[in-house]
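All remarks here apply to the structure that follows.
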Amino acid sequence: MINSILIANRGEIAVRIVRACREMGIRSVVAYSSADEDSLAVRMADSAIRVGPAPARESYLNKQSLISAAVLTRCDAIHPGVGFLSENAAFAQEVTDAGIVFIGPKPETISLLGDKVQAKKTARENGVPVIPGSTGSVEDAKAALESAEEMGFPVIIKAAAGGGGKGMRIVREAGEFERTLKMAASEAESAFSDGTVYLEKYLEDPRHVEVQILADSHGNVVHLGERDCSVQEKHQKLVEESPSPVVTPEMRASMGNDAIRLFKSLGYVGAGTIEFLVVGDEYFFMEVNARVQVEHPVSELVTGVDIVRDQIRAAAGEDLGLSQDNINLRGYAIEVRINARAPGRVTNYLPPGGYGVRVDSFLYNGYFVPPNYDALIAKIICYGDNREEGVRRMERALSEFVLEGVPTNLDIQKRIIGHKTFQGGNFGTGLLASIMEEVA
Ligand code: ADP
């Protein structure tokens, strides 16, 4: 049983968790920084506790302060949300050691999956196809160049501890290789305090397709279908949809079975995502995100499963009674991320609504979007019986959306959703770059 949850996060995901808690009869306590005193999550939660000043490293990344806050407010569980400490094995361990339930997989699982080289090795051992040419961690530049030449350029250098699209470098010619390798390693060192890098074949214009997994501690593991996240800006997701326009029922079953096999072997508990790159009808393992993801509502709409609720229930040790036969994928869902381009005060906010439209946000009139954190300020999610209807509903929802006082990417989102190539469904991760070229 979980009675009270400390939410160690902010923004829309904190609001999402507060809402789940309220529906489950669980007391919610929001941990907030000085910059978030007036946040919607703080206002909505049953209670709130300040954990530090605005800089994340002194508040949302301050393990000791968060654990003390949970103890002080008598919470029996901590939900880490997304980002911040959500995939930090040391935090999960310290929370557990304090006798508090960490809402996520076991610390050992997080630790294994957090090292992308280890994660790939585990995927390969479980018969999951991984990206061609994937090497172990790069030890010396000469050997690395040899393996790059073996797989053939272009290659991509990635940080073993990477995340959030950071620390990736594409190399197109052997001549650039050594210099780029050095830069990538020192970038990784400063961003993640770990300079370990590895190589992969760089796939041209692939699709990003991921599978949502839900697992309990009784050995039940199911998948909730895929999300296609190919619309990206600098390797960051902008639009997510389910089902993917290119995934066939055979591919879905195969990806789903691979994912379930891997998660079972990990003894995974809770919500997680396995990410693949897809080229033609082939898919390749990229990584596992050991937490709930920003784009989870897309899967909620096509399955009717409340992922955050079930994640909490799984952490509490409940048997979710999951069976793949009971997971029915129905219709189509799409999510558009509205990102702030700069901080600012919201002078007018009117979110879209109506049939088949969901908005997950923390905005309200008069709210000041602080400069300190992630740019995501609203997610608009639409449901339709099929892709055409869902996309048309999204166009309608975006046309209703009013937000004044904060510059956003709304215009570019309208352009993407209205674009003939997007609507045709036949595109890869290079879509946005080609749309931007057209605009210029
Ligand atoms: P992060 O964890 O930092 O988000 P990922 O490994 O998930 O990084 O990759 C993010 C995105 O980068 C992918 O969705 C894809 O667009 C691009 N990418 C990563 N690896 C490759 C690759 N080998 N070939 C082509 N694109 C890649």
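Read the figures in this text as sums done on the coordinates, not as results from a lab. A quick note: this is a predicted structure, and the numbers were derived from the prediction, not measured. Here the Cβ is made from the backbone with ideal geometry for all residues, glycine too, and neighbour counts use every protein chain on show.
Numbers for the structure displayed
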{"read-out": "Residues K142 and Y355, FRET efficiency given R0 of 60 Å [Cβ-Cβ distance, rounded to 0.05]", "value": "0.45"}
{"read-out": "Approximate spin-label separation I170-E250, in nm, with each point projected 7 Å along Cα-to-Cβ", "value": "3.0 nm"}
{"read-out": "Length-normalised contact order for the range 221-305 - Cα pairs under 8 Å, 6+ apart - percent", "value": "27 percent"}
{"read-out": "D (Stokes-Einstein, µm²/s), Kirkwood Cα radius, the range 67-206, 1.567 mPa s at 4 °C", "value": "78 µm²/s"}
{"read-out": "Ranked by how many other beta carbons lie within 10 Å on average, peptides 41-51, 12-22 from highest", "value": "12-22, 41-51"}
{"read-out": "Relative contact order of the chain, defined on C-alpha pairs under 8 angstrom at six or more residues apart (%)", "value": "14 percent"}
{"read-out": "The range 49-149 pair-distance distribution - Cα-Cα, 5 Å bins, rounded %", "value": "2, 12, 17, 16, 13, 10, 9, 9, 7, 3, 1, 0"}
{"read-out": "Counting all C-alpha pairs of the range 310-364, share separated by more than 17 Å (%)", "value": "65 percent"}
{"read-out": "Cα gyration tensor, the chain - rounded (a/c under 1.5), prolate or oblate", "value": "rounded"}
{"read-out": "The range 28-94: radius of gyration and largest Cα-Cα distance (Dmax), Å", "value": "11.1, 31"}
{"read-out": "Kirkwood Rh, angstrom, the range 399-440 [1 / mean 1/r, Cα pairs]", "value": "11.5 Å"}
{"read-out": "Length-normalised contact order of the range 173-231 in % [C-alpha pairs under 8 Å, at least 6 apart]", "value": "23 percent"}
{"read-out": "Kirkwood hydrodynamic radius (C-alpha pairs) into Stokes-Einstein, the range 207-439, 37 °C and 0.692 mPa s, D in µm²/s", "value": "179 µm²/s"}
{"read-out": "Kyte-Doolittle mean at least -1.0 and Cα axial length at least 24 Å: DSSP H helices in the chain", "value": "174-192, 249-266"}
{"read-out": "Cα-derived Rg to Rh of the range 147-241, Kirkwood definition", "value": "1.07"}
{"read-out": "Taking N as its residue count, the alpha carbon Rg of the range 310-440 over 2.2 N^0.38 Å", "value": "1.26"}
{"read-out": "At q = 0.21 Å⁻¹, base-10 log of I(q)/I(0) for the range 132-201 (Debye sum, equal scatterers on each alpha carbon)", "value": "-0.76"}
{"read-out": "P(r) histogram, all alpha-carbon pairs of the range 236-304 included - 5 Å bins from 0, percent", "value": "3, 14, 24, 30, 22, 8, 0"}
{"read-out": "Dipole moment magnitude, nearest 20 debye, the chain about Cα centre, only Lys, Arg, Asp, Glu C-beta charged", "value": "940 debye"}
